[in-house]
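Reading through the structure tokens given below for one structure.
The values are calculated or read from the model by the stated rules, or taken from the named source; none is laboratory data. Worth saying up front: this structure is predicted, and the values here are computed from it rather than measured. Ideal geometry is used to build each Cβ from the backbone, glycine not excepted, and the neighbour counts take in all protein chains shown. Accessible surface areas use protein heavy atoms only, side chains included; no ligands, DNA or RNA. Shrake-Rupley method; radii C 1.70, N 1.55, O 1.52, S 1.80 Å.
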Amino acid sequence: MEIDLSPEDFEFRQEVRDFLKENTAKPGADYSQWRMDYFKKAAAKGGWDVPKWPVEFGGPGWSPTQHYIWDQETVTASLPWDMPFGIGMLAPILMNYGSKEQIDRFLPDIRERNVNWCQGYSEPGAGSDLASLKTKAVLSDDGTHYTVTGTKVWTTMAHMADWMFCLTRTDDTGIKQEGITFLLIPMKQDGIEVTPIITLGGAHSVNMVHITEVKVPVENRIGEEGKGWTYAKGLLQHERTGLAGISRSIVALENLKRQAQSVTRGNRTLMDDPAFRSKVAELEIDLLAVEFTELRSLAAAASGDDPGPESSILKLKGTEIQQRIQKLTVEAGGIYSAAWGVPVGHKFARSGMQGYLGGRANTIYGGASEVQKDVIAKNVLGLKRS
Amino acid sequence: MNFDISEEQQLLQQSVERFVNENYDLATRRKLVDSPQGYSDDNWSQMAELGWLALSFDESDGGFGGNQIDTMIVMEQFGRGLVVEPYFANIVLGGGIMKRSSNLELKTSLLPGIITGDVRLTLAHAEEQSRFDLDDVVTTAREDGDHYVLNGKKSMVPNAATATHVIVSARTGGGQQDKDGIALLLIDSGDLDGNHFPTVDGGRASELSLDNVRVPAERIIGDFNLLATAAHDAVLALSAEALGCMEVLYKSTVDYTQEREQFDHPLSDFQVVQHRMVDMFMEYEQCKSLLYRATLEAVQDAPTAVRTSHALKHLIGKSASFIGENAVQLHGGMGMTEELAIGHYFKRLLVIESQFGNTDYHLTQFAA
Ligand SMILES: Cc1cc2nc3c(=O)[nH]c(=O)nc-3n(C[C@H](O)[C@H](O)[C@H](O)COP(=O)(O)OP(=O)(O)OC[C@H]3O[C@@H](n4cnc5c(N)ncnc54)[C@H](O)[C@@H]3O)c2cc1C
């Protein structure tokens, strides 16, 4: 056991800090220009634009400690806007199951952030029970293309996406995990209709996507027909560990403390309130533990072991902690948290309520908490259910 | 021992329930919330005609001589319908203060208008530094001949944009947190600068600035005790409203999980889902018991009444979070949408949690 950073790690951390400092957006700079420049410069550092990618696909090949340092340093830096769908979700699937042609065709655009992807998995009838999805893909007689018809729902950023990676049903005769096929579908075409869904915070990020007789060439199928479930399951694991957001929560808790210090109660502040203070302390304790849980899981992954039991609890604990911080932020905002869309009273109150409402989804998407616990019961504890 | 409400009260309950069923489907409510005023004048007149605005006033003042139980009945049904008309600000807060005022002249001049709905009141007590302490007041009322001159800022005043008058707490003397030296004054809303805005639950609130506002001395309504009594009533009324919201949330969740199927089963087949809903139901029932207890104690003016109201608001806050968050969770993605009613009840509960003292505040008061 060894937890101190080595001299090389300190050097790396300094290098990261310098890089992030040099590449912060200058006031008044054109945002999209800066964004593109940032990713170019990060690429020039040797894969810093795709930290999680393996070396053979251009990733930096960092040690777990280096990943940890990067995560810590980047939460507080203002990095350009980036979506996880291409870089974090589709890319690993392409690398593992895509053909050479598909990798050459799609990976460079994903890496350069030229193309936006969305994830078309969930359907009105297939949420937690994803394998019951029904969007139909029928192969043409000449074997050149599929005709796809169905409805996807909760598709984040579908309204801004150029492509969707999509689970479709090509066979419904066997068990439902079989007969699922993984297709890549361009979004900007007839037969694709995107309808916004407004969520609790008043935001538009998720959508309903109606797909009507859209022709998809077989070249856009990943791997074999009927094996999509296996490919997607691997990807869900990636998605889940990425959702824990531990470093972000550590920073969020520090922010919360500062915010609570700005809330006066008579001649003291909210941080002097014993009840509030204990809740902050409880969060801090949980974070101390879960930060090491994450490191244990990173270390296991680096040594080539299967993601151990540690990783299965990361999403659950991580999202629970996020929600507790969000709730406390609303509490700290007091009466002002009720004001909607206007800055009133405490400065943080407005975004606090928005964050809390939106954050309720954290225990629903990427596997609802109840379902995650089923998975742990079965796969980790080896329990059976009658 | 008798927990039944009287026949008259049953009729009241049925009539409010009918009003909610007829006028408050989600689409209609959404229209009201999005309208410039934020509620319906027609509904307001109807409430006056049905006698609901008069309920809690003495018969000698033109009312029906009702008490906190009547208000509880109305507010609980309003909670079930997410009613946005300003009954709470006008009748519970404003009316509750005016009917107890020792300034009889002012009282007799205002009550008839309150009962017809033409006079619309609200209460401005909160300030940025005060958090939930009613006695932490820095807004000043300086005596100047037969007037008071008011200066300060008041926060999150409910329905101030549509009020004809605002009751303001201000300091005529004493230090920042002294109970002595706090006065309640009646101000024409035209004399106030307001920043009006919507609230997350579909309501309306305002930040008010008082900049050398001159108020005649005969507009003094009362002192801190009157404010504290109003806050006690407010806690009871908001808790009743919350109970109505919680009932809808737990029952809709029980319904939804029986309809929604995943893994070839209704969600309600899963034991963890069943137990979660049993917990929601138990929290609801516990809140109901404590609401009855606190309300009866208030009606009887029991020595423990205030302390029990702290217990109530604490329990309501805790249970509202639990029931609200789990209703959303068990609805999955659907629970996150503006389209479903679930989220709207959840948001109303969130706001109630912070009105007149949040969950921690009331626990501290109770334990003190
Ligand atoms: C903000 C947001 C963004 C999303 N983005 C995307 C996206 O980009 N692409 C995409 O494909 N999908 C996306 N989703 C969909 C998400 O993956 C689903 O919402 C999730 O899988 C749950 O499915 P559901 O909403 O149908 O809930 P349901 O499956 O109906 O479940 C409802 C609730 O029931 C309970 N439950 C369900 N099954 C069980 C069980 N076996 N045991 C115990 N309890 C159970 C859980 O509490 C669950 O929350 C998003 C969802 C949200 C809210």
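Where residues in region A:166-192 are open to solvent by less than 20 Å² (accessible area, probe 1.4 Å) and among the aliphatic types (A, V, I, L, M), which of them is farthest from A:I211 (Cα to Cα)? Reasoning before the result, please.
So in region A:166-192, the residues open to solvent by less than 20 Å² (accessible area, probe 1.4 Å) come out as A:166-168, A:179-185, A:187.
Narrowing further to those that are among the aliphatic types (A, V, I, L, M): A:167, A:180, A:183-185, A:187.
On the way: A:L167: 12, A:I180: 17, A:L183: 13, A:L184: 13, A:I185: 10, A:M187: 10 Å.
So the residue we want is A:I180.
Residues of region A:331-352 that are free of Cβ contacts under 8 Å to residues at least 40 places away in the same chain, facing chain B (nearest Cβ under 7 Å) and part of a helix (DSSP H, G or I): A:I335, A:Y336, A:S337, A:A338. Taken over region A:159-192, the criterion of being under 18 Å from the mean Cα position of the chain (by Cα) and within 14 Å of chain B (Cβ to nearest Cβ) is satisfied by no residue. Restricting to region A:164-176, name every residue that is more than 12 Å from the ligand (Cβ to nearest atom) and touching a helix residue (DSSP H, G or I) at 6+ places or on another chain (Cβ under 7 Å). Residue satisfying the conditions is A:K176 alone. Return yes or no: is A:T156 at pLDDT 95 or above, closer than 20 Å to A:F85 by Cα, within 22 Å of the chain's Cα centre (by Cα) and open to solvent by 10 Å² or more (accessible area, probe 1.4 Å)? For A:T156, the condition - at pLDDT 95 or above, closer than 20 Å to A:F85 by Cα, within 22 Å of the chain's Cα centre (by Cα) and open to solvent by 10 Å² or more (accessible area, probe 1.4 Å) - is met.
Matching residues to (1) open to solvent by less than 20 Å² (accessible area, probe 1.4 Å); (2) within 14 Å of the chain's Cα centre (by Cα):
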position: A:H67; (1), (2): no, no
position: A:I87; (1), (2): no, yes
position: A:L90; (1), (2): yes, yes
position: A:L107; (1), (2): yes, no
position: A:Q119; (1), (2): no, yes
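Is it the case that A:D141 is more than 14 Å from chain B (Cβ to nearest Cβ) and at pLDDT 95 or above? Against the criterion (more than 14 Å from chain B (Cβ to nearest Cβ) and at pLDDT 95 or above), A:D141 qualifies.
Counting only residues that are of a type in the set (D, E, K, R) and in a helix (DSSP H, G or I), which one in region B:66-107 is farthest from B:Q10 (Cα to Cα)? Looking at the filtered set, the residue picked out is B:E105.
Looking only at residues of region B:243-270 that are in a strand (DSSP E or B) and open to solvent by less than 60 Å² (accessible area, probe 1.4 Å), we find that the one that is nearest to the ligand (Cβ to nearest atom) is B:Q262. You will find that of B:D193, B:D223, the residue that is away from chain A (no Cβ under 12 Å) and loosely packed, with under 14 Cβ neighbours inside 10 Å is B:D193 and no other. None of B:S130, B:S239 is crowded, with 19+ Cβ neighbours inside 10 Å and without any contact (Cβ under 8 Å) to a residue 12 or more places away in the chain except B:S130.
From the list A:Q66, A:Q14, A:Q102, A:Q33, exactly one residue is within 30 Å of A:P217 (Cα to Cα) and among the polar types (S, T, N, Q). Which is it? Don't jump to the end; show me each part of the working.
On the way: A:Q66 fails: within 30 Å of A:P217 (Cα to Cα); A:Q14 fails: within 30 Å of A:P217 (Cα to Cα); A:Q33 fails: within 30 Å of A:P217 (Cα to Cα).
A:Q102 is the lone residue from the list that is within 30 Å of A:P217 (Cα to Cα) and among the polar types (S, T, N, Q).
Comparison of A:A232, A:A161, A:A131 shows that the only residue that is open to solvent by less than 10 Å² (accessible area, probe 1.4 Å), modelled with pLDDT under 95 and within 13 Å of the ligand (Cβ to nearest atom) is A:A232.
For region A:340-366, enumerate the residues that are out of contact with any Phe, Trp or Tyr (no Cβ under 6 Å at 6 or more places or on another chain) and either among the polar types (S, T, N, Q) or more than 16 Å from the ligand (Cβ to nearest atom) (or both). Explain how you work it out, then say what you get.
To start, the set of residues in region A:340-366 that are out of contact with any Phe, Trp or Tyr (no Cβ under 6 Å at 6 or more places or on another chain) comprises A:340-341, A:343, A:347-348, A:350-366.
Passing the criteria: A:W340, A:G341, A:P343, A:K347, A:F348, A:R350, A:S351, A:G352, A:M353, A:Q354, A:N362, A:T363.
Taking the numbered list (1) closer than 21 Å to B:N21 by Cβ; (2) hydrophobic (A, V, I, L, M, F, W, C); (3) within 11 Å of chain A (Cβ to nearest Cβ) in turn, B:A242 passes all entries but (3).
Examine region B:185-195 for a residue that is in contact with an Asp or Glu (Cβ under 6 Å, 6 or more places away or on another chain), closer than 27 Å to B:G38 by Cβ and modelled with pLDDT of 95 or more, and state whether such a residue exists. Spell out the reasoning first.
Going residue by residue through region B:185-195, those that are in contact with an Asp or Glu (Cβ under 6 Å, 6 or more places away or on another chain) are B:195.
Still in the list and also closer than 27 Å to B:G38 by Cβ: B:195.
So of that shortlist, the ones also modelled with pLDDT of 95 or more come out as B:195.
Yes, the conditions are met somewhere in region B:185-195.
Step by step: first the residues of region A:121-134, then only those that are in contact (Cβ under 8 Å) with a residue 40 or more places away in the chain and in contact with a Leu (Cβ under 7 Å, 6 or more places away or on another chain), then the one that is farthest from A:M83 (Cα to Cα). Which residue is that? The extreme case among them is A:L133.
Go through region A:193-222 and give me each residue that's away from chain B (no Cβ under 14 Å) and open to solvent by 30 Å² or more (accessible area, probe 1.4 Å).
Quick first cut of region A:193-222, residues away from chain B (no Cβ under 14 Å) only: A:193-194, A:210-222.
A:E193, A:V194, A:H210, A:T212, A:E213, A:K215, A:P217, A:V218, A:E219, A:R221 - these are the residues of region A:193-222 that are away from chain B (no Cβ under 14 Å) and open to solvent by 30 Å² or more (accessible area, probe 1.4 Å).
Total residues in region B:82-109 satisfying the condition of being open to solvent by less than 10 Å² (accessible area, probe 1.4 Å), over 17 Å from the mean Cα position of the chain (by Cα) and free of Cβ contacts under 8 Å to residues at least 60 places away in the same chain: the figure is 0.
Scoring A:M83 on the criteria (1) modelled with pLDDT of 95 or more; (2) within 13 Å of the ligand (Cβ to nearest atom); (3) not β-branched (V, I, T) leaves a single failure, condition (1). When A:N114, A:N96 are screened for being open to solvent by 40 Å² or more (accessible area, probe 1.4 Å), more than 14 Å from chain B (Cβ to nearest Cβ), more than 16 Å from the ligand (Cβ to nearest atom) and assigned to a helix (DSSP H, G or I), only A:N96 passes. No other residue among A:V16, A:V75 is modelled with pLDDT under 90 and out of contact with any Pro (no Cβ under 8 Å at 6 or more places or on another chain) apart from A:V75. Whether any residue in region A:318-334 is surrounded by fewer than 16 Cβ atoms within 10 Å (Cβ to Cβ), of a type outside the set (D, E, K, R) and away from the ligand (no atom under 14 Å from the Cβ) is what I want to check. No, every residue in region A:318-334 fails to be surrounded by fewer than 16 Cβ atoms within 10 Å (Cβ to Cβ), of a type outside the set (D, E, K, R) and away from the ligand (no atom under 14 Å from the Cβ).
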